[in-house]
């Protein structure tokens with residue numbers, strides 16, 4: 001299982017939100033590149049980088065941070081937030097992103113995502129499927145749609161998508177454990193999906209339990225920043 005640390009950006013700085021609420025934000029004083037280097041030093045190979053300013057602006061805002069991390073580390077960066085057009089996805093790849101995560105755009109403009117799959121290949125596009133009560137949530141989670149989570153993922157699986165980051169909004173940033181039941185349900189329906197669990201990880205046991213469940217990867221954010229999981233813990237988990 002891949003352990004994928006997350007760096008969320010506002011104004012070029014590392015932040016964490018609780019349940020996607022921009023009003024409930026914690027800012028960390030570490031430079032994002034230094035943070036990324038620490039993850040790389042612990043043996044982690046991937047990074048989930050989210051441009052929260054970009055998500056609001058509907059275009060890349062923190063591109064300079066993306067470029068610095070991609071040129072300053074060997075981490076395979078998946079980048080999300082504000083990628084709503086052909087121009088923006090090409091910009092993300094030009095700045096060094098290995099993969100791009102599309103969330104709201106996959107709801108609002110499926111034909112564009114299909115064009116990306118055809119042009120760049122399924123291995124470079126990750127579907128962001130954020131769920132509130134098993135319904136897809138978009139626009140920084142401010143809007144819940146009528147789309148059912150599992151049929152939504154199934155539709156994109158048929159179109160070629162293989163990697164999906166699924167966040168249960170109810171769990172995110174609360175350090176109360178991941179949505180094990182939800183992930184088990186998704187994998188039962190789609191056993192070949194590379195499912196990346198996101199939200200709620202609070203300790204090493206959560207990682208072990210997610211691995212037993214068969215998820216492909218797990219995103220770790222607040223648990224690390226709040227000192228619940230150390231880099232040593234993550235390195236030890238990877239070794240085992």
Next on the checklist: Quick check on the stretch 138-145. Is at least one of its residues without any contact (Cβ under 8 Å) to a residue 60 or more places away in the chain and crowded, with 18+ Cβ neighbours inside 10 Å?
Outcome noted: yes
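Based on what the data block shows, is residue 170 under 28 Å from residue 229 (Cα atoms), part of a strand (DSSP E or B) and modelled with pLDDT under 95?
Criteria not met by residue 170.
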Checklist entry - Restricting attention to the stretch 13-52, which residues are within 18 Å of the chain's Cα centre (by Cα), surrounded by fewer than 18 Cβ atoms within 10 Å (Cβ to Cβ), in a loop (DSSP other than H, G, I, E, B) and at pLDDT below 95? => result 19
Next on the checklist: Based on this model, can you work out whether residue 195 counts as surrounded by 15 or more Cβ atoms within 10 Å (Cβ to Cβ), touching a residue at least 60 places away in the same chain (Cβ under 8 Å), in contact with a helix residue (DSSP H, G or I) (Cβ under 9 Å, 6 or more places away or on another chain) and under 26 Å from residue 228 (Cα atoms)?
Outcome noted: no
Item to check | Among (1) surrounded by fewer than 15 Cβ atoms within 10 Å (Cβ to Cβ); (2) more than 16 Å from the chain's Cα centre (by Cα) - the single one residue 96 does not satisfy | outcome: (1)
Next on the checklist: With the structure loaded, tell me whether residue 55 is out of contact with any helix residue (DSSP H, G or I) (no Cβ under 6 Å at 6 or more places or on another chain), part of a helix (DSSP H, G or I), on the phi < 0 side of the Ramachandran plot and crowded, with 18+ Cβ neighbours inside 10 Å or whether it fails that test.
Outcome noted: yes
Checklist entry - Of (1) more than 20 Å from residue 4 (Cβ to Cβ); (2) at pLDDT below 95; (3) not in a helix (DSSP H, G or I), residue 61 satisfies all except one. Which? => result (2)
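The values are calculated or read from the model by the stated rules, or taken from the named source; none is laboratory data. Because the structure is predicted, anything quoted here is derived from the model rather than measured. Don't worry about glycine lacking a Cβ; one is built from the backbone with ideal geometry, like all the others, and counts go over all protein chains shown.
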